[in-house]
Amino acid sequence: MEKGLIIVNTGNGKGKTTAALGLGLRAAGHGMKVIMLQFIKGAWHTGELDAIKRLEPYFKIVQLGQGFIRTNKEKQAESTIENANTAWNYAKKEIFSNLYDVFILDEINNMIDYGLLNVDDVITVLKNKPARLNVILTGRNAHNKIIALADTVTEMREVKHHYKKGVKAKKGIEF
Ligand code: ATP
Ligand code: MG
């Protein structure tokens, strides 16, 4: 059995989530089973939600994020912490279901960074995951312990972003 990889897409530049979707698309094309769990729900209904529906049962996206998250890790609301725990329990159940070949944990790095998930709990799950499972973790500020464990880490670095010259979020580009 081939051993799965742990891949991290981090950094402050654009492309972390879309690169993970691209890899998922590639794997789904081989008939592999792919799931993306989105830990932080954005304001937009994104195009990938509808595109990926056409790829079931090979690729599915589940949105777990809800509500308002504070970036100050000391000051999360009780309900936010509860939602994060529920989301993480769901993720663990799906990871250990052994149904998937590629498992994308979208924006999980931010969840750890915001103090909503314990990095050691995530590390324990990654160390005990089904051997063949490939896991991709996206989001800014990946924790050093996650980087140390990963096989591949890519840092998207912002060289320029259209947002800075006032271009608003665009259909097909941001959502
Ligand atoms: P994408 O979803 O386009 O792959 P991402 O996952 O790398 O981007 P996130 O940090 O998750 O980016 O941010 C989500 C949204 O913020 C995206 O719609 C993205 O276009 C936008 N964004 C990403 N990088 C920047 C940046 N450096 N400045 C402003 N907005 C950004
Ligand atoms: Mg993202």
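What follows draws every value from the coordinates through simple rules; no lab data is involved. Remember, it's a predicted structure, so these values are computed and weren't measured experimentally. Don't worry about glycine lacking a Cβ; one is built from the backbone with ideal geometry, like all the others, and counts go over all protein chains shown.
Taking 0.36 nm per residue of separation and subtracting the current Cα-Cα distance, fully stretching the chain between residue 68 and residue 26 would add 11.8 nm.
Per-residue ellipticity at 222 nm computed for the chain from its helices equals -10500 deg cm²/dmol, with DSSP H segments shorter than 4 residues left out and the rest contributing -39,500 (n - 2.57).
If only the Cβ of Lys and Arg carry +1 and only the Cβ of Asp and Glu carry -1, the dipole of the range 80-175 around its Cα centre is close to 460 debye.
One chain, two ends: residue 140 and residue 162. Fully extended at 0.36 nm per residue, the span grows by 6.1 nm beyond their Cα-Cα distance.
A simple spin-label model places pseudo-atoms 7 Å from Cα toward Cβ; at residue 155 and residue 127 they are separated by 2.6 nm. Taking packing as the residue-averaged number of other Cβ atoms within 10 angstrom, the listed peptides 141-153, 2-14 run from highest to lowest as 2-14, 141-153. As a rough footprinting exposure proxy, the listed residues 86, 80 were ranked by other beta carbons within 10 Å of their own, and the order from fewest upward is 86, 80.
The range 7-68 and the range 133-175 have Cα centres separated by 13 Å.
Around the Cα centre of the range 6-165, unit charges on the Cβ atoms of Lys, Arg, Asp and Glu (plus for the first two, minus for the last two) sum to a dipole of about 400 debye. Decide, for the range 6-165, between rounded, prolate and oblate: order the square roots of the alpha carbon gyration tensor eigenvalues as a ≥ b ≥ c, take rounded if a/c falls under 1.5, and otherwise choose prolate if a/b is larger than b/c, else oblate. Rounded. Based on C-alpha pairs under 8 angstrom that are at least 6 apart in sequence, the chain has a relative contact order of 39 percent. Backbone amide hydrogens, once placed in the peptide plane, bring residue 153 within less than 5 Å of 8, excluding anything fewer than 5 places away on its chain. Here the contact order of the range 107-175, divided by its residue count and restricted to Cα pairs under 8 Å and six or more residues apart, works out to 37 percent.
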